[in-house]
Amino acid sequence: MPVKSTISGQPRYHEGAPAPHLRAAREALPTDQWPDLDQLTDGGHAVSVTHRATDRPRSVAVHLAMDTPRTLHTERPISDGPGHRWDALTTQISALLQSRGFTDVRTTKMGVWAEAPHPAGLEVEFVVAPHPDLDQVGVYHVTCRTHPELAATIDGGFHHGVASGSGGYRAIDTQGRPVGTGHRTARGYLLAARDYATYCGIPDPLIRITDLDAVALRILDAAYEQAGTGRVTAVAEATVNGHQVIDSAKSQRINGQRQELADGPTRDTQKKLARLIAYAMNNGGGRLALVSHHDGTAIVQRWNLTRHGATQTPLSELPPGQTVAPAPPLH
């Protein structure tokens, strides 16, 4: 489907956004000089930007339409006058694309083909979390901390009352529209989340899909790391089935390096604690505390756990007389 010039007034990332390489090509051609086909005037010219039919994912085709007194040309005219005009227009298109970093630019009988540059920008992370209701088997929520308007539900069709399981995991956008064709694999929900990110116009190299357990372990590691050198103990609490559950795990850092084995029993204990942190983040919140020792003094830091990470517990929520060290936000 052609990408129109109206994209310039839209956010770069949004549901139903055009592919980034097509957007880059359309934005390289100023609208006042290169209108869309439906804006073509008598004696004027217009362009249509589409994906080039190839296995190269960043390939772009700019189709040119040129009106003359005799006919509307959508391919290069054979006669000299219109042909020279066509050549001048495709030369201008090629120069504009090259100025934006497009490579392998070549003219064709219908316009110009080119390869979009590698996308640049910040990585965009989507976090995939299971539905808190255990009856909703195979249902996940997708959120994005940096773009909170981007959110989706992934349904594998395995819970009561839904018969779509044979189609596999599939994302559904905020308007209830299905995205992609479904993935019938054990971790297909992660592939469905990537489908949704692509649907929002995010370049594939910038997409990061993370499940909630991995985010929780990252938060725990960040808490250990910011405590500095020494032995530290992390304690998390959450309410599970109406009961308060508390668990802990230790770590030791020397000059910023973790001392426990990456796959040993201490790390297993940390991963177990991270699963409790993930549960708290996904089910109404919980708390995380870190106790470290420096020069014989115990230092306590406290965070509140939310769906988007860990933020310092306000002093108003602490018992009277208790003091804590500053706690940076963790994501």
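The values are calculated or read from the model by the stated rules, or taken from the named source; none is laboratory data. It should be emphasised that the depicted structure is a prediction, and the values quoted were computed from it without experimental measurement. Every residue, glycine as well, gets a Cβ built from its backbone with ideal geometry; the counts of neighbours run over all protein chains shown. Accessible surface areas use protein heavy atoms only, side chains included; no ligands, DNA or RNA. Shrake-Rupley method; radii C 1.70, N 1.55, O 1.52, S 1.80 Å.
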query = Is it true that Leu89 is farther than 28 Å from Tyr199 by Cβ, open to solvent by 90 Å² or more (accessible area, probe 1.4 Å) and out of contact with any helix residue (DSSP H, G or I) (no Cβ under 7 Å at 6 or more places or on another chain)?
reply = no
query = Mind checking whether some residue in the range 157-177 is surrounded by 21 or more Cβ atoms within 10 Å (Cβ to Cβ) and touching a Leu at 6+ places or on another chain (Cβ under 6 Å)?
reply = no
request  = Just give me the residues in the range 183-210 being surrounded by fewer than 18 Cβ atoms within 10 Å (Cβ to Cβ), within 12 Å of the chain's Cα centre (by Cα) and basic (Lys, Arg), in sequence order.
outcome  = Arg208
ask   = For Leu220, are the conditions met, namely being outside any strand (DSSP E or B), under 29 Å from Thr146 (Cα atoms) and modelled with pLDDT of 95 or more?
value = yes
inquiry  = If Ser99 meets every condition in (1) of a type outside the set (A, V, I, L, M, F, W, C); (2) free of Cβ contacts under 8 Å to residues at least 60 places away in the same chain; (3) open to solvent by 50 Å² or more (accessible area, probe 1.4 Å) apart from one, which number is that one?
reply    = (2)
remark   = Of Pro69, Pro119, the only residue that is in contact (Cβ under 8 Å) with a residue 40 or more places away in the chain and assigned to a loop (DSSP other than H, G, I, E, B) is Pro119
ask   = Looking at Ala325, Ala298, which one is among the hydrophobic types (A, V, I, L, M, F, W, C), without any contact (Cβ under 8 Å) to a residue 60 or more places away in the chain, out of contact with any helix residue (DSSP H, G or I) (no Cβ under 8 Å at 6 or more places or on another chain) and in a loop (DSSP other than H, G, I, E, B)?
value = Ala325
ask   = Which ones in the range 211-252 are over 15 Å from Asn282 (Cα atoms) and open to solvent by less than 10 Å² (accessible area, probe 1.4 Å)?
value = Leu220, Ala223, Tyr224, Val232, Ala234, Ala249, Ser251
task = Tell me, please, whether a residue that is surrounded by fewer than 17 Cβ atoms within 10 Å (Cβ to Cβ), at pLDDT 95 or above and touching a helix residue (DSSP H, G or I) at 6+ places or on another chain (Cβ under 9 Å) can be found in the range 263-271.
result = yes
